[in-house]
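Undergrad: Below: one structure in structure tokens.
The values are calculated or read from the model by the stated rules, or taken from the named source; none is laboratory data. Keep in mind it's a predicted model, so treat the numbers as computed, not measured. Quick reminder, even Gly has a Cβ in these numbers, built from the backbone with ideal geometry, and neighbours come from all protein chains shown.
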Number of protein chains: 2
Amino acid sequence: QIVEFMSSFFAGREGDLRGLKVLVTAAGTREPIDPVRFVGNRSSGKMGYAVAQMAAERGAEVLLISGPSALAVPPNVKAVQVESTNEMLEACLAAYDAVDIVIKAAAVADYRPRDVADQKIKKKTDDALTVVMDKNPDILKTLGAKKTHQVLVGFAAETQNLLANAREKVVKKNLDMIVANDVTAAGAGFNSDTNIVKFLYANGDVCELEQMPKVDVANRILDEALRIRRERA
Amino acid sequence: QIVEFMSSFFAGREGDLRGLKVLVTAAGTREPIDPVRFVGNRSSGKMGYAVAQMAAERGAEVLLISGPSALAVPPNVKAVQVESTNEMLEACLAAYDAVDIVIKAAAVADYRPRDVADQKIKKKTDDALTVVMDKNPDILKTLGAKKTHQVLVGFAAETQNLLANAREKVVKKNLDMIVANDVTAAGAGFNSDTNIVKFLYANGDVCELEQMPKVDVANRILDEALRIRRERA
């Protein structure tokens, strides 16, 4: 952490987010099938926790809304733990008006089981188990539709057609920027300590970054959010 | 850990598992829906890791076969990481002939999605997503059917009809003992550091234990496994 602090310091980032409120979402959400089973996803939370950590080191007031994660909450970060996508949406909406920058790094469950069993579903003798799932609300799209002064940054974790999918999201969801990464690439994605990402902007610009530690990706994302905010003012 | 070691020592357990090979399974297995999503369960791995730790402290040669868990492998424990129920079954079968005691604390996925998508399933505009799941092999039943010299201890995590379900399992799966816990009780079950369990035996005996730390439950389970082994000899 001392090394990270020094790198922020020498890059002229010290305190540059002071006075700003940054909302970060992280990790994956879980949707219960019954009291024991759930549908989850592979997000470790590392990318989002790195953003929260660097934003706090750079002086921002940080609210981290996180799904279940084994990671420790970084120093000087206020954390809210949620489980399902609907809980994450509610927590985001409650904070949204008051924040300046939103970095939505969480990998939310797009679908949730329609019927959640009160008791553990017992294994049947010979049957298949069919789980019908309904679409969850789209948190990023909801925030995009309600955007006023906020800088809104999303993530696109894809396994194919990365740029086309990301470009569509940045426009349709009214984002300022999207961070696209191919989660199947070596040195990128879930559980990796490094990431390989592209930044796509509302105006169509694309910026490709080299493989780098997630804390460095975090700083670059925050740099961009700050730049977008300043250009808008 | 020093406290735990001392408690083992003073209870006359020091080295009492020396020369024995103990296989412990722990945590939950995951069944992929696509490269991003999976069906999982809430097991933290704490109970199984506690058994592995105490067995190693008491001198056993311990093999821990674990699903994804945030916990550190205890000292002097050989660990094999698996993801799905089929992978856990294969790892157990590979080790089974050579072990003396099997403590199956893992919470395995009973069902797995029939079709695993190669690529991330994109969110459709208006459709529900239906996941058809097939029954997984029953690891405990498979080990029970192949039992020769081993002492085989299972777990039953239930949310209702705890004793009836556990009693049925101990007989049908040819276990020597089953550890039953109601995962919905306060101070028991997933993620808790304590547990409230009952031991049920093949002969119909039931023993109810008070709420206690999972490491103490672990020692009591190992005591019983050792006693059953000695009685059989």
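Undergrad: A:Met212 is checked against (1) hydrophobic (A, V, I, L, M, F, W, C); (2) out of contact with any Ser or Thr (no Cβ under 9 Å at 6 or more places or on another chain); (3) modelled with pLDDT of 90 or more and fails just one. What number does that condition carry?
TA: (2)
Undergrad: Which one is surrounded by the most Cβ atoms within 10 Å (Cβ to Cβ) among residues in the range B:203-233 that are of a type in the set (S, T, N, Q) and outside any helix (DSSP H, G or I)?
TA: B:Gln211
Undergrad: Looking only at the range B:76-93, count every residue that is farther than 21 Å from B:Ala225 by Cβ and without any contact (Cβ under 8 Å) to a residue 24 or more places away in the chain and tell me the total.
TA: Number satisfying all stated conditions: 2.
Results for (1) out of contact with any Phe, Trp or Tyr (no Cβ under 8 Å at 6 or more places or on another chain); (2) acidic (Asp, Glu); (3) more than 27 Å from B:Met212 (Cβ to Cβ), shown as yes or no for each residue.
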residue: B:Ser43; (1), (2), (3): no, no, no
residue: B:Lys46; (1), (2), (3): yes, no, no
residue: B:Glu83; (1), (2), (3): yes, yes, yes
residue: B:Pro113; (1), (2), (3): yes, no, yes
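Undergrad: Tell me, please, whether a residue that is surrounded by fewer than 20 Cβ atoms within 10 Å (Cβ to Cβ), in contact with a strand residue (DSSP E or B) (Cβ under 6 Å, 6 or more places away or on another chain) and either part of a loop (DSSP other than H, G, I, E, B) or modelled with pLDDT under 95 (or both) can be found in the range A:10-30.
TA: no
Undergrad: Can you find a residue in the range A:133-143 that is crowded, with 18+ Cβ neighbours inside 10 Å and among the polar types (S, T, N, Q)?
TA: The answer is yes, given that some residue of the range A:133-143 is crowded, with 18+ Cβ neighbours inside 10 Å and among the polar types (S, T, N, Q).
Undergrad: Filtering the range A:114-132 down to residues that are at pLDDT 85 or above and among the charged types (D, E, K, R), which residue is surrounded by the fewest Cβ atoms within 10 Å (Cβ to Cβ)?
TA: Restricting to residues being at pLDDT 85 or above and among the charged types (D, E, K, R), the top hit is A:Asp118.
Undergrad: If you check every pair at least six apart or on different chains, which have Cβ atoms under 8 Å apart with a residue in the range B:141-166 that is within 11 Å of B:Val102 (Cα to Cα) first and a residue that is surrounded by 14 or more Cβ atoms within 10 Å (Cβ to Cβ) and among the aromatic types (Phe, Trp, Tyr) second?
TA: Going by the 8 Å Cβ cut-off, the qualifying pairs are B:Leu143/B:Tyr96; B:Gln150/B:Tyr96.
Undergrad: Now for a separate question. Assess whether B:Asp182 counts as being crowded, with 17+ Cβ neighbours inside 10 Å and more than 27 Å from B:Asp100 (Cβ to Cβ). Please lay out each step first, then the result.
TA: On the way: crowded, with 17+ Cβ neighbours inside 10 Å: yes; more than 27 Å from B:Asp100 (Cβ to Cβ): yes.
Against the criterion (crowded, with 17+ Cβ neighbours inside 10 Å and more than 27 Å from B:Asp100 (Cβ to Cβ)), B:Asp182 qualifies.
Undergrad: Still on this model: State the number of residues belonging to the range A:155-184 that are within 14 Å of chain B (Cβ to nearest Cβ) and within 24 Å of A:Ser44 (Cα to Cα).
TA: Counting residues in the range A:155-184 that are within 14 Å of chain B (Cβ to nearest Cβ) and within 24 Å of A:Ser44 (Cα to Cα) gives 16.
Undergrad: Continuing with the same structure: Can you tell which of A:Ala106, A:Ala98 is within 14 Å of chain B (Cβ to nearest Cβ), at negative phi and either in contact (Cβ under 8 Å) with a residue 24 or more places away in the chain or surrounded by fewer than 22 Cβ atoms within 10 Å (Cβ to Cβ) (or both)? Break it down stepwise before answering.
TA: Values: A:Ala98 fails: within 14 Å of chain B (Cβ to nearest Cβ).
None of the other options fit; the residue is A:Ala106.
Undergrad: List, please: which pairs have Cβ atoms under 8 Å, are six or more places apart or on different chains, and start with a residue in the range B:110-124 that is facing another protein chain (nearest Cβ under 8 Å) and end with one that is part of a strand (DSSP E or B) and of a type in the set (Phe, Trp, Tyr)?
TA: Going by the 8 Å Cβ cut-off, the qualifying pairs are B:Lys123/A:Tyr111.
Undergrad: What is the one condition in (1) surrounded by 15 or more Cβ atoms within 10 Å (Cβ to Cβ); (2) more than 10 Å from every other protein chain (Cβ to nearest Cβ); (3) in a loop (DSSP other than H, G, I, E, B) that B:His149 does not satisfy?
TA: (1)
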